[in-house]
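Peer 1: Here it is, the structure, as structure tokens.
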């Protein structure tokens, strides 16, 4: 049984908007700078600057033992990659994850891109398809949330979609989460079907949906840095995420610049700003 406190009040939902906007702006800047020859540390510094300019602070830096604004994971690294000074190379598949805290409220989001490499078109094509499937599965999950009666319908929809796309794996050991006063709150948000229904989807529920999809086995290990999660078989990985609020008029994707309007249009869903 979930506590009533997982549901935010209308005033609390409104208070989360700025954190979502700061998160979206920081990741947009990181995406703009992500190119062959750039470094993860450059993206990290830029994202931190944007968050501070918008009156917030990095919530990743509030996690004990972590001092960066972003996690940047390349190729077989799935999540929690520590930004370093190795330049991005042609053909890299890069996942960037970050969040902002503004006035005590949190946002969390991630995206994956594939850098061009004219010398390896087959590699780029496979990685681009993995990124597409992962991104699309996120929006399948968000669309499911908009129509769900219980939260775990989201994971069932994501799994059904990914399974239909090809031999991809969905990580089981890492899932999405509630978000609010803390970056990671109850309830868990599964990316796959589970037997229990989960909490009721109703106004005040705010969750971070984040599929982590791999091109091979779902088995992973944590590297010696105690953070970076990497596929055991060296298969490529992708990770995408958005923080989504359910409110009286519908849903709003807090960490999307348009509230999710463009991506949800094909599903016949029109997100509504939080009143």
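What follows draws every value from the coordinates through simple rules; no lab data is involved. These numbers come from a predicted model, not from an experiment. Here Cβ is always computed from backbone atoms with ideal geometry, including for glycine, and neighbour counts include all displayed protein chains.
Peer 1: Give me the number: length gained by fully extending residue 186 to residue 233, i.e. 0.36 nm times residue separation minus the C-alpha to C-alpha distance, one decimal in nm.
Peer 2: Length difference between fully extended and current span is 13.8 nm.
Peer 1: Further question on the same structure: Explain nothing, just the number: relative contact order of the chain, from Cα pairs under 8 Å at least 6 residues apart, as a whole percent.
Peer 2: 21
Peer 1: Moving to a separate point now. Beta carbons within 10 angstrom, averaged per residue: use that to sort the peptides 16-29, 53-66, highest first.
Peer 2: 16-29, 53-66
Peer 1: In Å, what Kirkwood hydrodynamic radius results for the chain from the alpha-carbon pair distances?
Peer 2: 18.5
Peer 1: Highest first, please rank the peptides 74-82, 95-103, 144-152 by the mean number of other Cβ atoms sitting within 10 Å of their residues.
Peer 2: In decreasing order of mean packing, 74-82, 95-103, 144-152 become 95-103, 74-82, 144-152.
Peer 1: Here's another thing I want to ask about it. Set the Förster distance to 45 Å, then compute FRET efficiency between residue 193 and residue 120 from the Cβ-Cβ distance, nearest 0.05.
Peer 2: Numbers: r = 35 Å, r/R0 = 0.78.
FRET efficiency, residue 193 to residue 120: 0.80.
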